[in-house]
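**Student:** Got a structure for you, questions after.
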Amino acid sequence: MYEILEKNFFPFYEKLDRQMNEPMTIEKAIIGFEELKDFYIQAYDDHFDIVIPQVILSAIIEDMLVTYTGDQTQVVLLHEMMIGVMNKSLETDKVLSDIAKDVLQDPELHQAFIHHEKNSELLHALNHSEKGRHFISKLEVFFQVYGWRSIKSHDLTDETWAENPEFILDIIRNNIHCHCDFDEEFAKAVIKKTRDV
């Protein structure tokens, strides 16, 4: 799976990163669009080669567990053993939780989130204060690492979080309203896993 990423994905992403800092002509844009279209088709095929083996392996492990124990309900145990194990989705949730904590600790940012329920108004307000611009720069760092996903993760034509940050602002806003603490919830999941398994 990693070979696919190294061969087909990483070089293309590195090329895009380089091109972002180069002047763009209409001719280069047309060529870039064609390359992007070709990449999209290849990436769509590749994503099955990346995801399907994991799904098959999971099914094989489930079958082995049922064969060994003779009990179909033991499959639940396998999935419960994964609770409290960090993965990229949970890592993303943790970073968003930490960002929400930062907002809660800063009265100016907290007020901006409270007083501007529409994300367009919130972004406008944040862009007009020094702390807000600093917050946006932190979000841009987040987007460089995690922002290339979309709401529908298997739909490669949807806007990414980096292209439209409203989904992430909604998650941060929800974490602020709920006072969600990822570290606390994750610790509870680890304790539950240890106790149950």
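**Student:** Over 30 Å between C-alpha atoms is what I'm after, so list which of 7/118; 94/131; 101/188; 37/94; 28/88; 28/118 land there. The partial results should precede the final answer.
**Tutor:** On the way: 7/118 42 Å; 94/131 22 Å; 101/188 19 Å; 37/94 33 Å; 28/88 34 Å; 28/118 37 Å.
Beyond 30 Å between Cα atoms: 7/118; 37/94; 28/88; 28/118.
**Student:** Let me ask something else. Along each of its three principal axes, how wide is the spread of alpha-carbon positions in region 88-196, in whole angstrom units, largest first?
**Tutor:** Projected onto its principal axes, the Cα set of region 88-196 covers 50, 37, 21 Å.
**Student:** A further question follows. Rank the residues 68, 40 as a footprinting-exposure proxy: fewest other Cβ atoms within 10 Å of their Cβ go first.
**Tutor:** Values: 68 9, 40 12.
The most exposed by this proxy come first: 68, 40.
**Student:** Over the chain, one equal point on each Cα, no solvent: what is log10 I(q)/I(0) by the Debye formula at q = 0.09, 0.12 Å⁻¹?
**Tutor:** -0.52, -0.86
**Student:** Then there's this: May I ask you to sort 108, 14 by Cβ crowding, counting other Cβ atoms within 10 Å and putting the fewest first?
**Tutor:** 14, 108
**Student:** Shifting gears a bit: Please give the charge dipole size of the chain, origin at the Cα centre, charges +1 on K and R Cβ atoms and -1 on D and E Cβ atoms. Round to the nearest 20 debye. The partial results should precede the final answer.
**Tutor:** Values: 19 positive and 37 negative charges, 89 e Å.
Computed about the Cα centre, the dipole is about 420 debye.
**Student:** While we're on this one: Just subtract the alpha-carbon distance of residue 102 and residue 63 from 0.36 nm times their residue separation and send over the number in nm, one decimal. All intermediate terms of the calculation are to be shown ahead of the outcome.
**Tutor:** Details: separation 39, 0.36 × 39 = 14.04 nm, distance 4.50 nm.
So the extension gain works out to 9.5 nm.
**Student:** Right, here's the next one. Going from the alpha-carbon gyration tensor of region 120-161, what semi-axes, largest first and in whole Å, does one get by taking the root of 5 times each eigenvalue? Please report the intermediate quantities before stating the final value.
**Tutor:** On the way: eigenvalues 125, 30, 5 Å².
Computed over region 120-161, the values are 25, 12, 5 Å.
**Student:** With bins 10 Å wide starting at 0, give me the P(r) of region 2-81 over every alpha carbon pair, in whole percents.
**Tutor:** 15, 30, 19, 16, 12, 7, 1
**Student:** Would you list which aspartates and glutamates come within 17 Å of residue 138, measuring only between C-alpha atoms, while excluding same-chain residues fewer than 8 positions from it?
**Tutor:** 91, 93, 98, 102, 106, 108, 130, 163, 166, 170
**Student:** Taking Cα pairs under 8 Å and at least six residues apart, what relative contact order does the chain come out at, in percent?
**Tutor:** In percent, rounded to a whole number, it is 22.
**Student:** As a footprinting exposure proxy, order 118, 138 by other Cβ within 10 Å, with the fewest listed first. Before the final figure, lay out the partial values.
**Tutor:** Details: 118 10, 138 14.
Taking fewest neighbouring Cβ atoms as first place, the list is 118, 138.
Only the coordinates and a few stated rules stand behind these numbers; no lab work does. Every value quoted in this text rests on a predicted model; they were computed, and no experiment measured them. Backbone-built Cβ (ideal geometry, glycine too); neighbour counts: all protein chains shown.
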